[in-house]
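J.: Here it is, the structure, as structure tokens.
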Amino acid sequence: MNQLADDCFNQVDGLMSTAEALAILQQRIVTVTQDRLDTVPLARALGRILARDVTSALDVPPHDNSAVDGYALRHDDLVADGPSRLPVLGRSTAGHPYGARLEQGQAVRIFTGAVMPEGADTVVMQEDAAQTDDYITVPPGLALGANRRHQGEDTRQGDVVLGRGQRLRPQDLGLAASVGQGALSLYRPLRVAVFSTGDELAEPGTKLAAGAIYDANRYILAALITGLGAEVSDLGILPDNAAAVREGLGAAAGGHDLLLTSGGVSVGDEDHVRGTVEALGHLHFWRLAIKPGRPLALGQVGDAAFVGLPGNPVAAMVCFLRFARPLILGLAGAVDLEPVLYRVTSDFDYEKKAGRREWLRARLERQGEDGPCAVLFRPQGSGIINSLVQTHGLVEIAEDVTQVKAGDLVDFLPFDEVAS
Ligand code: AMP
Ligand code: MG
């Protein structure tokens, strides 16, 4: 069984860039889910992570077949500069091959996906051929091999079609099915416990006491984790009380690979999360040069990893997407940890401090031929949950940039890429 190295989040250096933080995570995170592999039917494998390569035992398609409805024939039989007339001897329909060999001067009615009769090399589309009685007339100009799909043109026997560490998308399931795999060998799901922290937090659906707000983060975070194919235990709200935090985190550590909290780790906060995790294991505050969201708390409680996200919902979600997400994917066995960012045109002017990376919530609007344009949501406060909802994703502005002008290209991380 693989385990995280002891105190693997130890980091004492000063301010860290996003790239440095991600590189350290990438280096130190190991797959912890290989202690149990699950054999899972395709229909239940979506979003899970492959523990073994999938190798095809066959060619796909397994036979040459027709790409269209028409007539299979031998190209050699066609007259080069005029119409050709051929007798139609039988049919090849999908799933029901023509049983015999196509001899010289013959044609066979054929349909899309039906096996090419032996001897036939070309298909004329039905729209291009005139049939009268049992004969077709084929106009000149048909290319050798036209409308014929080749055995193995999609997948060859022996090809590795899906790789270990790949997180399964709908089309991956289709590819596995096409090579005949009814079930896949997957890492067991990562087990993640999610807590919110704060005396002010109340469960939605209950009455709000004076000074209270509803807990939003746990619903964002639990759903994001589920979307990564992990198993979430929603462990509720921890009060700002050292004994309760110790009790909650301590009890969860045994049955989970990762404990994820939000809130309670900002500067000036009462030290319940910090003190507790330090007492139970290790805790490090990574001073990230980012906005919104620093610091990020990383540590270990028993064998479980610990991530403490900021409390403000926007900061919690941004930090989850950029830091906790790759960490979770890495622990779960995925090889592809980083999301793809796209370049879009800025619709806004923006000034920022050098030396830190910033994420702004923006809507994409299509404007003209230069592709989508990012329109900033306002206000951008890190407590504004609507800024996550009324937008399509995050504009990511690099450390060295101090000024964005309308018309500049900016990096954009669509929520659909990472949060669905
Ligand atoms: P903290 O990091 O605990 O100081 O929290 C920072 C801000 O985020 C405060 O305004 C909290 O009330 C708010 N906050 C913390 N946790 C949550 C949560 N689960 N849902 C909504 N707001 C939260
Ligand atoms: Mg708090």
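J.: Take the residues of region 181-206 that are in contact with an Asp or Glu (Cβ under 8 Å, 6 or more places away or on another chain) and among the aliphatic types (A, V, I, L, M): which is farthest from ligand 2 (Cβ to nearest atom)?
T.: Leu186
J.: Here is a follow-up. Looking only at region 244-266, count how many residues are within 14 Å of ligand 2 (Cβ to nearest atom) and more than 23 Å from Leu25 (Cα to Cα).
T.: Here the count works out to 2.
J.: Output the qualifying pairs, or none if there are none: Cβ atoms under 8 angstrom, residues six or more apart or on different chains, first residue in region 236-255 and in the same structural domain as Asn217 (by TED's automatic domain parsing), second residue more than 15 Å from ligand 1 (Cβ to nearest atom) and assigned to a helix (DSSP H, G or I).
T.: Hits for this filter: Leu238/Leu249; Arg246/Ala279; Arg246/Leu280; Leu249/Leu280; Gly250/Leu280; Ala253/Leu280.
J.: Which of (1) of a type outside the set (A, V, I, L, M); (2) assigned to a strand (DSSP E or B); (3) within 16 Å of ligand 2 (Cβ to nearest atom) does Gly299 not meet, given it meets every other one?
T.: (3)
J.: Right, Thr197: within 16 Å of ligand 1 (Cβ to nearest atom) and either buried (at least 16 other Cβ atoms within 10 Å of the Cβ) or free of Cβ contacts under 8 Å to residues at least 24 places away in the same chain (or both) or not?
T.: yes
J.: Say we look at region 179-194 and pick out the residues that are outside any strand (DSSP E or B) and touching a strand residue (DSSP E or B) at 6+ places or on another chain (Cβ under 7 Å); which of these is nearest to ligand 1 (Cβ to nearest atom)?
T.: Leu190
J.: Can you tell me which residue among Leu329, Leu341 is surrounded by 22 or more Cβ atoms within 10 Å (Cβ to Cβ) and either hydroxyl-bearing (Ser, Thr, Tyr) or away from ligand 1 (no atom under 16 Å from the Cβ) (or both)?
T.: None of the others qualify; the one that does is Leu329.
J.: Only one residue in Gly293, Gly264 is within 9 Å of ligand 1 (Cβ to nearest atom) and part of a loop (DSSP other than H, G, I, E, B). Which one?
T.: None of the others qualify; the one that does is Gly264.
J.: Could you check, for region 102-113, whether at least one of its residues is part of a strand (DSSP E or B) and among the charged types (D, E, K, R)?
T.: So far as region 102-113 goes, yes, one or more of its residues are part of a strand (DSSP E or B) and among the charged types (D, E, K, R).
The values are calculated or read from the model by the stated rules, or taken from the named source; none is laboratory data. For clarity, every value in this text was computed on a predicted model and none was experimentally measured. All Cβ positions, even for glycine, are placed from backbone atoms using ideal geometry, and neighbour counts span all protein chains on display.
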